[in-house]
Amino acid sequence: MAYVELHARSAFSFLRAGSLPESLVREAGRLGMAALGLCDRDGVYGAVRLHMSGKEAGVRALVGSELTMEDGSVVPVLVATRAGYQALCGLLTTVHLRAEKGEGRVGWAELAEAHHGLVALTGDLEGPVRGAWHAGGARAAEEAGERLLRIFGREHLYVEIQRHRVPGEERENTFLVDWARARGLPILATNGVLHAAPEDGGVVDVFTCLRHHTTLDAAGRRLSLNRERHLKGAPEMEALFADLPEAVLNTERLAGRIEFTLSNLGYRFPDHPVPAGESQDSFLRKMTLFGAQQRYGSVVGNVRRQIERELALIAKLGFSGYFLIVWDLCSFARERGSLVQGRGSAANSAVCYALGITAVDPIESKLLFERFLSEGRTDWPDIDLDLPSGERREELIQEVYRRYGRRGAAMTANVITYRGRSTIREVGKVFGFPDDALDRFSSLYHGGDLPQTIKLGEQLRMAGVPDSHPRLLALLDTCRRVKGLPRHLGQHSGGMVLSAGNLSEFVPLENARMPGRSVLQWDKNDIEDMGMLKVDLLGLGMMAALQDAVEICARRGRPVDLARLPKDDPAVFRMLQEADTIGIFQVESRAQMSTLPRMKPETFYDLAVEVAIIRPGPIQGDAVNPYLKRRSGEEPVTYPDERARPILERTLGVVLFQEQILRLAMELGGFTAAEADELRRAIGFTRSQERLDRMKARLELAFRANGVSEPAIAYLVKSLASFALYGFPESHAISFALIAYASAWLKVHHPGAFYASLLNCQPMGFYSPASLIQDGRRHGVSFLPVCVQASDAKSRVDGDTTVRLGLESVRGVRRQAVASLLQARGERPFASLGDFLRRVDLGAAERRALAGAGALNALAGHRRSALWTVEAFHGQDDLFRDTDPAAEGELSPLERMTLLERLHADYTHLSLTAGAHPMRLARPLLEGVSTAAGLRDVPAGARVRICGSVITRQRPGTAKGFCFITLEDETGLANAIVRPRLFEEARLVINLEPALLITGRLQNEKGVIHIMAEEISGMPELGLPEQSSHDFR
Amino acid sequence: MNYAVLLVPDFALRALQRSDPSLAGRAVALVAGEGRTARVTEASAEARGVAPGLAATLAMSRCPGIVLRQREPESEVEAHRLLLAAAFTLSPRVESTGSGSCTVDLRGADRTRTEALMRLRAAELAASGLPPRIGAGATPLLAAYAARCAEPVLVVDDAAEFLKPLPLSFAAPAPGQEAILRGWGIMTLGGLTALSKAEVGARMGSEGVLLWERAAGETNRVLRLVEPARSFAAQWAYEPPVESTEPLLFKMRRFAERIALELRGAGMVAEKLSLTLLLEDETDHRREFRLPEPGADVEGWLRVLGGHLATVRTEARVTGVRLVAAPARPPEMQEGLFDTGLRDGASFWENLARVAAIVGDDRVGTPELLDTHRPDAFVMRRPLESVTPRLAEPVHPACGPTLRRFRPPWPVEVSCEGGMPARLEGGRLEGRVRAALGPWRASGDWWKPENWEQETWQVELSGGGIYQIARSAGAWRVEGMLD
């Protein structure tokens, strides 16, 4: 006799079960189970993972869900047919869309309407029948059972019997068996599985505590009585149900009856509406050739051949409608004046270039089309669109909803998992660890999930939890098990899924936290696995800044066409070579700035390489130093294999791009296009190391069979592994380099517009507005303070190198208030402060903020005078509103603010200062401390002290525990490197102090200056205003 | 000099340090708030770079080894009573103004004598770990301002000159007022009073006017007087309990200092001391000492108490201590009029405690099931003083045989066949198993070292009788018999 578990829950039941679907499948496979039914709570969140891992393990994945009913009971249902699946998804969508997140309840009448194709179980303790038996006795249970019977009928209702070796359960089971027999219903053995193996039971207890906001010590009988709710194989279940063999037998029968799996989802992408007489293919062809003519002038030769080849393949794979839809979305964005640019592998396609989806000419850049689309490809190619972040992107998203309906399109989910610091904190609380230890732990490991150089146990010891703590081992073991389990469902940054007809027939939709958006229950990997199409509408802060800068230039009568910028501007490359890149897209990080003077980019392609090279992939693959040395002639250019020369020539024999790996696999390993595509997916699939390992092994064999030498194989396979850690496709690097180049060009030629646009599009980039302003000042841009008589809402350029800060920069002043101010000023300028106060409807705090920021100086003389006067104004309904408070302002008895007071007021009200850097005031107190600019004159190896506001703290996973700190002073930026040991000693000081004094040895490698820190201390006595810093991995 | 204010800066911290000798000489800070929002409220001089308002985490970074503690209300109550006792030696009209602060009405007192007395009290309080600042002035407000500036005693005669340079915070502006005034650059009381009162009122309303008046020292008020101590007792609970006499002696000194001052303030002396040690086993150790000579001499008292504590041995650790001084001139009262027949109303509980001392704490009281899956887990609670309402009838009343539990369970050897009990041997029960039902499994407390796991069976023996047996930690026990 075989046994199939038909009522399993995974961790996608969110805090109700403790194993991933993959773990359940693995265990089911080990137990020899032919199928496994997953019934997560109110959704099919884990169904795809179960399906995909089931395919690999030979376990048939059956889809189901537990439905929370209007009376609070929980009905498990299994999907028997595709119609049933569609009905279930529709039902769940209806329930989720009408309620707050997690609050949806299914009405009994709704279930009665949607039951076709579903098989119901009577459920466990929370089920309607057993719940009623406990609460109201046998009669109540019978009534609940009769209701299920009326809805599902005898053929589709199973009476679920569970045995968990709990005293008293047989009394209940006797009732259930008797009732089933009396009504002619089949009984079904299940184990109501909550975890894969017995040892995972603790995770369920911890989740129970998290759900009930309690601790393990206080949870009492809410915890599991024993650890019997794990997957059990046929022998064990047969022994358990020796007196009811049909209960076990029925599991196999029912599994056999279920014809639906996710293999036959039936998803179809929508067609694009085309003119009469046109097909999807013909219309795409027409629009592509038209676009190509615009791009290339004439469509002949190479261009013609490539386009024809691509169009033929697109038509053959049935993707024409998809290209048309993306083209249409780009057109929609452009018609509304929005920048839009395709990124990623789409830039490898000449069709995408012709349609205006991408901005990179793949023929000129010799990009590999197969990276984007190939004959053997079964899934949809990626076309990701970069849009200005904010309103313009939201406009396009809402347009997609408008076109396809709330049930026809949805955002992709993003599964937020338990990770690092947050796991320790949450689980530690459940274990009853003291708050102060957990707080200290959080502070020690401040700034996100910084990769740590010390083990978790040691970290906890430093936080005050001794090694001998009686619960430490259990905590560490539980954290290890909890890590990677889903915590909640978020929203992908921009992935929208579309379908022909209702998307909610293929996957349930829910309300996203953001109003006006819905999200589906699967993440991007699930979407890809199910062959569904996702269009990424990604918001880029820099796109918004470019858009803003272009508009500023146009308003000033100096229009800029970003598509036609000369790509060989010497001034731009000079600036890049000098690493003068604050504010420039992708190359402004400390790591990028350290590489630029060594890289010395001279061409646009060099910039693309620069963008791609400082990524975890190339860094882990040891590609960076060889490339830079070869470039500077310190090392000869060699190739792992002579056949690799044409592929690696442009990158000096070093593998930098994903396309190169694919081409090497094809050229040196004899991979077909389909195999190369499989390789691409393995690289991009972050969930399964096994999948990548299998591909590596295949590739190794293929290289060996084709006579590639062992050292070359080792090098190439290492490169492949490193790309799984995030490496760029060449096309993507080129697309990003376009944006980087455009931003650099603006910084050189329109610095006013450049800085104004960056300020207007915050938050974005690595640096705070305060740092951007200081950088602007060093580039000759002057910043004028906010002024109610002169400022616009946003920052504006007055003269080539003068930026007037916008009124929206003032913290605590509503946008609506700014609009009302501008409207009043538009009618006529403010004659006096009294006139201003009477005509603009502002709150008291807003009046104070404007006065404190100096925005009323033009009307009041100075800030104190303004602050004195605004307090005398008591609102629009002030009985004395006809008196002119400005007259009193002239008689203000208050002294003007000192420079230091103005500085603090600036940071209080604006988080920045348009004036000098605060360090200028502190400088007289810093004897023997070098300025950032002064470091250039210090010989390498000399001991030096630097001091400044911390503007970045970075501890990348690739840096083996080293920490990189950037300090800002009145002359520029100074970088320090902190060794792991010093970092651990001074962790709190580094993480928490806003200003640091660092002593260490100066290193100068080809113009790249660092201080190797030896001593670090905080500088609270300087009294500098606190500046925001960006802390990241 | 109409009023004096006795003020202990960083009172909560001082009170804590005074009560915990282990904090002496160490960098200590008090924090308020939970988690990452925790901020320092008071810091000792040793805590360099740490100031009120600083995040607790930042305090840890700036001052490695700093001890961060929450406020301890019991210590503050004890310290405040000492301060009040000192105040009552200056005048019988005393207001308990706030935690660590009291105001004394000195009107009619001799200035020279009072000033000398203030200096003496300041020295005594400082020696007792509670260094005060004592200020005197024409109004309670001025005296309070003076106290904040005193080192340790300051008498203000020229109010206007004194007030001018004082920081604005002396006048206790509300946060909103403070923000406005900071914006105006007003940092001192003189800065505020330099502005026209009417103009301040026009901008900050009536609250602004009150603030201005406080800045000008114009505010006067009537004191809310408190009664001097009527009983001369002190008590302290130790958490965790103590085993040595050192902490007891330390606490005795603190108690004695305060009680002696209270007696002096009331013009009395002690003739008898009563010492009670409360023990962890809920018993206590009591001893009365008739003083050889009635008085308020702290050192004399400590000699008596210390001599006894040096020899005393208790069965359990000390959880609390109480010291009561019987005044030499007891208040006149009619004894016995309101006495009940029961001289000790809690004799029932005392008797219960005595029984518990004999049979063990865990065997006296009313059993109450614990909220755990652990079989038969219960705790004995104090008997309830009221009868609880009867629970609703269960939906599924218990049925089947009743388990008669053996207490304690009988150890037994069990041989198993095919994973089921087959024979019971040894101990008080032997026989072949005719039928077995089970197992039922339970486990829990997996996160603790004392985690447990139990497997339970019901077995019918061939010689008759149905028993419940259980295996836990590898050993079998007969839990009871099924009737």
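The values are calculated or read from the model by the stated rules, or taken from the named source; none is laboratory data. Keep in mind it's a predicted model, so treat the numbers as computed, not measured. Glycine gets a Cβ as well: all are built from the backbone with ideal geometry, and neighbour counts include every protein chain shown.
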| message | So B:Glu213 passes all but one of these: (1) over 23 Å from A:Arg864 (Cβ atoms); (2) within 37 Å of the chain's Cα centre (by Cα); (3) surrounded by 15 or more Cβ atoms within 10 Å (Cβ to Cβ). Which condition number does it fail? | response | (2)
| field | Selection from the range A:238-252 of residues that are within 47 Å of the chain's Cα centre (by Cα) and without any contact (Cβ under 8 Å) to a residue 12 or more places away in the chain | value | none
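Got a sec? Which of A:Glu649, A:Glu710 is assigned by TED's automatic domain parsing to the domain that holds A:Pro626, under 24 Å from A:Met599 (Cβ atoms) and without any contact (Cβ under 8 Å) to a residue 12 or more places away in the chain? Step through it out loud before you land on a result.
Details: A:Glu710 fails: under 24 Å from A:Met599 (Cβ atoms).
From the options A:Glu649, A:Glu710, the qualifying one is A:Glu649.
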| task | Scan A:Phe671, A:Phe703, A:Phe736 and give me the residue that is over 30 Å from A:Lys567 (Cα atoms), assigned to a helix (DSSP H, G or I) and of a type in the set (Phe, Trp, Tyr). | result | A:Phe703
| Which of (1) farther than 23 Å from B:Ala266 by Cβ; (2) part of a loop (DSSP other than H, G, I, E, B) is the odd one out, the single condition B:Thr112 does not satisfy? | (2)
| Considering the range A:436-461 alone, what residues qualify as being at pLDDT below 70 and either assigned to a helix (DSSP H, G or I) or within 14 Å of chain B (Cβ to nearest Cβ) (or both)? | A:Ser443, A:Leu444, A:Tyr445, A:His446, A:Gly447
| said: Regarding the range B:143-151, can at least one residue be identified that is outside the structural domain of B:Gly201 (by TED's automatic domain parsing) and either β-branched (Val, Ile, Thr) or closer than 11 Å to B:Met1 by Cβ (or both)? | reply: yes
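In contact with a Phe, Trp or Tyr (Cβ under 9 Å, 6 or more places away or on another chain), buried (at least 21 other Cβ atoms within 10 Å of the Cβ), small (Gly, Ala, Ser) and away from chain A (no Cβ under 14 Å): which single residue out of B:Ala86, B:Ala79, B:Ala15, B:Ala4 fits that description?
Working: B:Ala86 fails: in contact with a Phe, Trp or Tyr (Cβ under 9 Å, 6 or more places away or on another chain); B:Ala15 fails: in contact with a Phe, Trp or Tyr (Cβ under 9 Å, 6 or more places away or on another chain); B:Ala4 fails: in contact with a Phe, Trp or Tyr (Cβ under 9 Å, 6 or more places away or on another chain).
The conditions single out B:Ala79.
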| message | Based on this model, can you work out whether B:Arg69 counts as touching a Gly at 6+ places or on another chain (Cβ under 8 Å), more than 19 Å from B:Leu225 (Cα to Cα), surrounded by fewer than 21 Cβ atoms within 10 Å (Cβ to Cβ) and modelled with pLDDT under 90? | response | no
| task | Answer with yes or no whether B:Leu142 is crowded, with 20+ Cβ neighbours inside 10 Å and more than 35 Å from the chain's Cα centre (by Cα). | result | no
| query | Within the range B:33-48, how many residues turn out to be within 13 Å of another protein chain (Cβ to nearest Cβ), out of contact with any Gly (no Cβ under 8 Å at 6 or more places or on another chain) and not hydroxyl-bearing (Ser, Thr, Tyr)? | reply | 6
| query | Just to be sure, is A:Arg847 part of a helix (DSSP H, G or I) and farther than 27 Å from B:Met204 by Cβ? | reply | no
| request: Name every residue in the range B:424-452 that is over 52 Å from the mean Cα position of the chain (by Cα) and assigned to a strand (DSSP E or B), in order of residue number. | output: B:Leu424, B:Glu425, B:Gly431, B:Arg432, B:Val433, B:Arg434, B:Ala435, B:Ala436, B:Leu437
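Consider A:Arg402 carefully, then state whether it is modelled with pLDDT of 80 or more, in a loop (DSSP other than H, G, I, E, B) and within 30 Å of A:Asp529 (Cβ to Cβ).
Working: modelled with pLDDT of 80 or more: yes; in a loop (DSSP other than H, G, I, E, B): no; within 30 Å of A:Asp529 (Cβ to Cβ): yes.
When the stated conditions are applied, A:Arg402 does not pass them.
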| task | Tell me, yes or no, whether the range A:839-846 has at least one residue that is more than 12 Å from every other protein chain (Cβ to nearest Cβ), in contact with a Pro (Cβ under 7 Å, 6 or more places away or on another chain) and more than 17 Å from B:Gly176 (Cα to Cα). | result | no
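Going through the range B:49-65 one residue at a time, which ones are more than 11 Å from chain A (Cβ to nearest Cβ) and surrounded by 13 or more Cβ atoms within 10 Å (Cβ to Cβ)? Before the answer, list the steps.
Step one: of the range B:49-65, the residues more than 11 Å from chain A (Cβ to nearest Cβ) are B:52-53, B:65.
Scanning the range B:49-65 gives a single hit, B:Pro52.
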| message | With over 23 Å from A:Gly46 (Cβ atoms) and at pLDDT 90 or above as the only criterion, which of A:Arg555, A:Arg481, A:Arg487 stands out? | response | A:Arg555
| message | Out of A:Arg681, A:Arg630, I need the residue that is among the basic types (Lys, Arg), surrounded by fewer than 19 Cβ atoms within 10 Å (Cβ to Cβ), modelled with pLDDT of 85 or more and not in a loop (DSSP other than H, G, I, E, B). Which one? | response | A:Arg630
| remark: Picking from A:Arg778, A:Arg694, the residue that is basic (Lys, Arg) and either touching a Gly at 6+ places or on another chain (Cβ under 7 Å) or under 30 Å from A:Thr966 (Cβ atoms) (or both) would be A:Arg778
| task | Please find, within the range A:1008-1024, the residue that is surrounded by the most Cβ atoms within 10 Å (Cβ to Cβ) out of those that are aliphatic (A, V, I, L, M) and more than 14 Å from chain B (Cβ to nearest Cβ). | result | A:Ile1011
| field | Residue that is under 29 Å from B:Ala4 (Cα atoms), away from every other protein chain (no Cβ under 14 Å), assigned to a helix (DSSP H, G or I) and at pLDDT 90 or above, where the choices are B:Leu192, B:Leu210 | value | B:Leu210
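Each row is one residue, and each column tells you yes or no for (1) surrounded by fewer than 24 Cβ atoms within 10 Å (Cβ to Cβ); (2) within 21 Å of A:Leu759 (Cα to Cα); (3) within 13 Å of chain B (Cβ to nearest Cβ).
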site: A:Val797; (1), (2), (3): no, yes, no
site: A:Thr802; (1), (2), (3): yes, yes, no
site: A:Gly806; (1), (2), (3): yes, yes, no
site: A:Gln816; (1), (2), (3): yes, yes, no
site: A:Ala819; (1), (2), (3): yes, yes, no
site: A:Glu827; (1), (2), (3): yes, no, no
site: A:Phe830; (1), (2), (3): yes, no, no
site: A:Phe836; (1), (2), (3): no, no, no
site: A:Leu867; (1), (2), (3): no, no, yes
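Any residue at all in the range A:177-200 that's over 18 Å from A:Arg9 (Cα atoms), hydroxyl-bearing (Ser, Thr, Tyr) and either more than 13 Å from chain B (Cβ to nearest Cβ) or surrounded by fewer than 22 Cβ atoms within 10 Å (Cβ to Cβ) (or both)?
First, pick out the residues of the range A:177-200 that are over 18 Å from A:Arg9 (Cα atoms): A:177-187.
Now narrow it down to the ones that are hydroxyl-bearing (Ser, Thr, Tyr): none.
No, every residue in the range A:177-200 fails to be over 18 Å from A:Arg9 (Cα atoms), hydroxyl-bearing (Ser, Thr, Tyr) and either more than 13 Å from chain B (Cβ to nearest Cβ) or surrounded by fewer than 22 Cβ atoms within 10 Å (Cβ to Cβ) (or both).
In the range B:182-196, which residues are buried (at least 23 other Cβ atoms within 10 Å of the Cβ), among the aliphatic types (A, V, I, L, M) and closer than 20 Å to A:Arg863 by Cβ? Don't jump to the end; show me each part of the working.
Quick first cut of the range B:182-196, residues buried (at least 23 other Cβ atoms within 10 Å of the Cβ) only: B:183-184, B:186, B:189, B:192.
From what is left, the residues that are among the aliphatic types (A, V, I, L, M) are B:186, B:189, B:192.
Residues satisfying the conditions are B:Ile186, B:Leu192.
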| field | Members of the range A:126-139 that are of a type in the set (Gly, Ala, Ser) and more than 49 Å from the chain's Cα centre (by Cα) | value | A:Gly137, A:Ala138
| field | Hits in the range A:265-310 - residues which are under 10 Å from A:Leu324 (Cβ atoms) and among the aliphatic types (A, V, I, L, M) | value | A:Val274, A:Leu284, A:Met287
| Test result for B:Pro331, assigned to a strand (DSSP E or B), surrounded by fewer than 17 Cβ atoms within 10 Å (Cβ to Cβ), more than 24 Å from the chain's Cα centre (by Cα) and at pLDDT below 85 | no
| Of the residues A:Arg481, A:Arg471, which is in contact with a Pro (Cβ under 9 Å, 6 or more places away or on another chain) and within 13 Å of another protein chain (Cβ to nearest Cβ)? | A:Arg471
